[in-house]
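The values are calculated or read from the model by the stated rules, or taken from the named source; none is laboratory data. Since the model is a prediction, treat every value here as computed from it, not as a measurement. Positions of Cβ are generated from backbone atoms using ideal geometry, with glycine treated the same way; all protein chains shown enter the neighbour counts.
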Amino acid sequence: MKAFVLPWLIMASTWAGAQAPQHQHRIVPGDTLIGLQQRLLRPDISWQQLQRHTGVRDPFRLQPGHTLAWPREWLAEQPAEAEVLFALGGVELERGGQRNPLSSGARLVEGDWLHAGPQGSATLRFADGARLVLRPSSRLQLGRLSQGRLGVRSQLQLQEGAADSRVPPRNAEKQVARRLPARFELLTPVANLGVRGTAFRTQVRNGQLHLEVLEGEVSAAQGRSAQAVGAGLGLLSQGQPGRPQALLPAPALTLPARIERLPLRWTGAALGASALRVQVLDPAGEQLWLDARAPASGWEGGTELPDGRYTLRVRAIAADGLEGLDAEAPFELAARPEPPFLQTPAAAAQQYAPRVEFRWTRSAAAQRYHLQIAEDAGFTRLRHADATLPDTQFGLELPEGVHHWRVACVRADGHQGPWSDAQQLERLPPPPAPPPPQTERQGDRLQLRWAASPLPGVRYQLQAASTADFAQPWLDTTVSQAQAELQPPGGGTHHLRLRSLSPDGTPGPWGSTQSIEWPGGWRGWLFWLPALAWLL
């Protein structure tokens, strides 16, 4: 009876194992059934049991590249998850044939696909603290995610695009760690990357692999060959792997600590660069807000960034596409609500009138406006300030001299945005009165001439009246030349006065009043006859 039951139990166990969820293991050089049992299986699962299940004849000779399958429950490791720390700009999660937008806080499991659009990015955290930033236009599949007595294992497949990875080192001694399989593997169509603790960048485009190692060491395997790429080195592989080469040095990077204007701009020296990679991240480096390729001459962008604290990261891109070492600079963006555009007075305006009308554009984000007028460009000596203006204009009288003005928007919650660019205004004194004109009679007309003002654009206002108070002038005209011709309406005493008008029409003081006697008709000529007879 026992002889019959024992084979039946073995067959039942094998059949049940075949029906359970299977783990797929791809054989690599050096694998043996005994080694697999020691590294991957529970202590109660023997290598003989593994041999019976897989049908392997020689436990010491396994064919690299082939796949062995056994029940997942035999594994010493259990399934793990990855957490989405950050998702931005159109990243989709594909699970079970369905796609849905990826959101921060989501939990990812084996088999999930991530699809990042042209503006999309996502940051993943694995059970051991390893992080991967999926960059725009990328496709990534989560393969094996497990944790157990050997630690956490993460196997990912980057089908297309780019990813930046940071893997913490093992706690075990270095020599022991070298004998254990890489616990973070990034598989690509070109090569498989094994990592034991490092920071590196990977990019797969058009069947070409770019690998850039920033810290630690990455093993790049193609077929049966593998080579180690150390920190500061890059590898370009297409078909056959190239030789590791030194990455370009980090460019010189300086940036203001506080930026109040968009777009962001950067120009600087980047040795050997044919282009630049520009990234904007949060201070912890986990949220990729912007990823752009820019000309070597510089970069401009970032208008979509919300206010906050960031890190600007810039690196040179070599002619072969390998990206160099990073230069980083922290900054605070405080650009909103954006300031209005100043309309009048125009920049460097000159005005003679004492009352100045200030106008600026309306902002949809502003509930009110803050206007400052100062004597100095640094706005340390304020002449007027008002942070409660509900409208986009304000007028007041200013003394003669140079003034500076600027406007900021204030939101409903009281937050004030940055100041507009300041503009200068010069309040000029009105032009002085012209000197008394020289008069000359020509027939029935009177010619007037006076010294022209040295100020450009000055015009002149001339009045003539029969009374000295000029209550009802019979002439009130404006001329642009320093001369005029008039015809008195009749004989008798007439009074003349003249003043200058500034280019903006502001009048200066009246000059002294001149009075003339003007003969009228034949009676006027009789008045002059005694004098003419005396002259004869």
ask   = For segment 180-208, what are the residues that are farther than 20 Å from Arg131 by Cα and in a strand (DSSP E or B)?
value = Arg205, Gln208
key: Meets criteria (closer than 24 Å to Asp421 by Cβ and in contact with a Gly (Cβ under 7 Å, 6 or more places away or on another chain)) for Leu248   = no
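From the list Leu446, Leu496, which one is in a strand (DSSP E or B) and without any contact (Cβ under 8 Å) to a residue 60 or more places away in the chain?
Testing whether each residue is in a strand (DSSP E or B) and without any contact (Cβ under 8 Å) to a residue 60 or more places away in the chain leaves just Leu496.
Would it be correct to say that Gln367 is surrounded by 13 or more Cβ atoms within 10 Å (Cβ to Cβ), more than 24 Å from the chain's Cα centre (by Cα), among the polar types (S, T, N, Q) and over 30 Å from Leu501 (Cα atoms)?
Criteria met by Gln367.
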inquiry  = Can you list residue pairs whose Cβ atoms sit under 7 Å apart, with the first residue in segment 451-471 being loosely packed, with under 13 Cβ neighbours inside 10 Å and the second being assigned to a loop (DSSP other than H, G, I, E, B) and among the hydrophobic types (A, V, I, L, M, F, W, C)? Count only pairs 6 or more apart in sequence or on different chains.
reply    = Ala451/Ala482
query = Residue check: is Gln159 within 18 Å of Leu211 (Cα to Cα), under 34 Å from the mean Cα position of the chain (by Cα) and not aromatic (Phe, Trp, Tyr)?
reply = yes
query = So which of Ala464, Ala433 ends up being assigned to a strand (DSSP E or B), at negative phi and in contact with a strand residue (DSSP E or B) (Cβ under 6 Å, 6 or more places away or on another chain)?
reply = Ala464
request  = Considering each of Tyr310, Tyr352 in turn, give the residue that is assigned by TED's automatic domain parsing to the domain that holds Val402 and either without any contact (Cβ under 8 Å) to a residue 24 or more places away in the chain or buried (at least 17 other Cβ atoms within 10 Å of the Cβ) (or both).
outcome  = Tyr352
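When you go through Gln63, Gln49 one by one, which is the residue that is farther than 18 Å from Arg139 by Cα, free of Cβ contacts under 8 Å to residues at least 60 places away in the same chain and buried (at least 17 other Cβ atoms within 10 Å of the Cβ)?
Checking each option against the conditions leaves just Gln49.
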ask   = How about segment 218-321: which strands (runs of 3 or more DSSP E) wholly inside it have at least 3 residues that are under 30 Å from Gly65 (Cα atoms)?
value = 225-230, 233-238
remark   = Of the residues in segment 322-335 that are within 20 Å of the chain's Cα centre (by Cα) and assigned to a strand (DSSP E or B), the one that is nearest to Gln245 (Cα to Cα) is Ala327
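Residues Gln203, Gln208, Gln222: which one is closer than 21 Å to Leu156 by Cα, among the polar types (S, T, N, Q), modelled with pLDDT of 95 or more and not assigned by TED's automatic domain parsing to the domain that holds Val314?
Gln203
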